Every structure is written in structure tokens, then in C-alpha cells.
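Q: Dumping the structure here so I can ask a few things about it.
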Amino acid sequence: MLTAHYSIPLPADYDMDVVHRRVADRSAPWDTRAGLLLKAFCATDATDGDGHNSYAPFYVWAEPHEFGRFLTGAEYAGLCAAFGPVPVRTGTVLQCHLGSGPAGHLVSESEPLGPVTDLRDTVRAEAERHRAVLADPAVHSHVVDLDPATMTLTRRTLLRAGGETPRPKNGERVLRVLHLSRPPQSTTG
């Protein structure tokens, strides 16, 4: 499994209804996309108090070749045509639990690990943290990935819809989930 994420910064006066319409118009095919376990169509809105707008989808792919098809296909080309070049960050999944039902927010935090050569202790610690995060009934899904090129660990927690907007803690980023795609082949968590 691998993750993919990109964040497109938008001007503070950008009409975020454009992003909402884009998601509404283009999300349905993702609900049945082969090789995809999850796509969270996320955004930040300057009116939410963080001072900037962005469009920032997050993906969990079961099949890396399907991610390759996305990058080399019409979907990514259309994204770049609409927003300019879009760098995509990827990671190798270390921990993953994907829930069902709607999600309201995604909380993301990254931790640079430095020049690590033995990740076994990191993996054990993340497994314990993963179990603790999943004990919270507000948690929909939790994914931990590692970018081995930068040795950066990223934890992403999807929170169930209907809860309050979480306040970001040290280094966290909170995004609103506009739509969550969970294709049928991914019903196990």
C-alpha cells in the first residue's frame, strides 16, 4: 500500500465554491476506482480561521500500478490543467485502519526522523500509537506512512463527520473533508 497527497495553495480571495463544485462533479468515479482504498477530498478555507485556502486530496492506494495510471492519465493531466503543476508526495504505509461512513476532518502531522538506519523501534512505537488513536470513538480512519526519500513519518487521522472542528496542535494541519470515496473492494479495515 502507498499513500499519495498533494496540497494546492489558493489565494485568500479564491472562490472556494469552485473547489466544492469540482469535487461534486468529479468524485463519483472515485467511489468505484480500481486499486484505490480511500480518497479524501480535502480543503482548507480562509474563512475557517487558518487564513488560507487550499485543495488537498489524500489517497490510500492498494495497487501502486493504479496510482501510476492516475499520474499518467487524464485525471492528473486535468488537475494540472486547472491548477498548474501539482507535485505529489507519496509514502509507504506502515499502519492503516480505514473506517466506514462519512468523515468530517483530516488531521495530519509530519515528523522528520533524521538519518535513521534502523526503523524497527519506530515501527513498534507507531503500532502502539496507532492502537491508542483507534481507541477514540471519534476516529474514522488512521494511516501512518513513511517517505523513505526524506525519512519523514506522517500520521493522518480522519475524524467522523458531525464532530466539532478540531483545533490544530503543534505542527498539525486540519483539513475539512468535502467527500470521502471508499471503493467497495476496500470494505475491510
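Q: Could you grab the pairs with beta carbons closer than 6 Å, sequence gap of 6+ or different chains, first residue in the stretch 20-39 and closer than 14 Å to Val177 by Cα, second one part of a helix (DSSP H, G or I)?
A: Close Cβ pairs satisfying both conditions: Lys39/Trp30.
Q: Among the residues of the stretch 29-73 satisfying the criterion of being at pLDDT 95 or above and more than 19 Å from the chain's Cα centre (by Cα), which is least open to solvent (accessible area, probe 1.4 Å)?
A: The qualifying residue least open to solvent (accessible area, probe 1.4 Å) is Gly73.
Q: Then there is this: Determine if the stretch 88-98 includes at least one residue that is in contact with a Leu (Cβ under 8 Å, 6 or more places away or on another chain), in a strand (DSSP E or B) and more than 17 Å from Asp145 (Cβ to Cβ).
A: Within the stretch 88-98, not a single residue is in contact with a Leu (Cβ under 8 Å, 6 or more places away or on another chain), in a strand (DSSP E or B) and more than 17 Å from Asp145 (Cβ to Cβ).
Q: Given the structure, is Thr122 within 28 Å of Ile8 (Cα to Cα) and either out of contact with any Phe, Trp or Tyr (no Cβ under 7 Å at 6 or more places or on another chain) or crowded, with 18+ Cβ neighbours inside 10 Å (or both)?
A: The answer is no for Thr122.
Q: Of the numbered conditions (1) under 24 Å from Met151 (Cβ atoms); (2) free of Cβ contacts under 8 Å to residues at least 24 places away in the same chain; (3) open to solvent by 70 Å² or more (accessible area, probe 1.4 Å), Met1 satisfies every one except a single condition; which is it?
A: It fails just one condition, (2).
Q: Moving on to the next point. Checking Pro183 against (1) in contact with a helix residue (DSSP H, G or I) (Cβ under 7 Å, 6 or more places away or on another chain); (2) surrounded by 20 or more Cβ atoms within 10 Å (Cβ to Cβ); (3) of a type outside the set (Phe, Trp, Tyr), only one condition comes out false. Which one?
A: So Pro183 meets the others, but not (2).
Q: Hydrophobic (A, V, I, L, M, F, W, C), out of contact with any Gly (no Cβ under 9 Å at 6 or more places or on another chain), part of a helix (DSSP H, G or I) and surrounded by 15 or more Cβ atoms within 10 Å (Cβ to Cβ), is that true of Val133?
A: Yes, satisfied.
Q: Surrounded by 15 or more Cβ atoms within 10 Å (Cβ to Cβ), under 16 Å from Thr154 (Cα atoms) and modelled with pLDDT of 95 or more, is that true of Val139?
A: no
The values are calculated or read from the model by the stated rules, or taken from the named source; none is laboratory data. Computed from a predicted structure; not experimentally measured. Note: ideal-geometry Cβ built from the backbone for every residue, glycine included; neighbour counts use all protein chains shown. Just the protein is used for accessible areas: all its heavy atoms, side chains included, with ligands, DNA and RNA removed. Shrake-Rupley method; radii C 1.70, N 1.55, O 1.52, S 1.80 Å.
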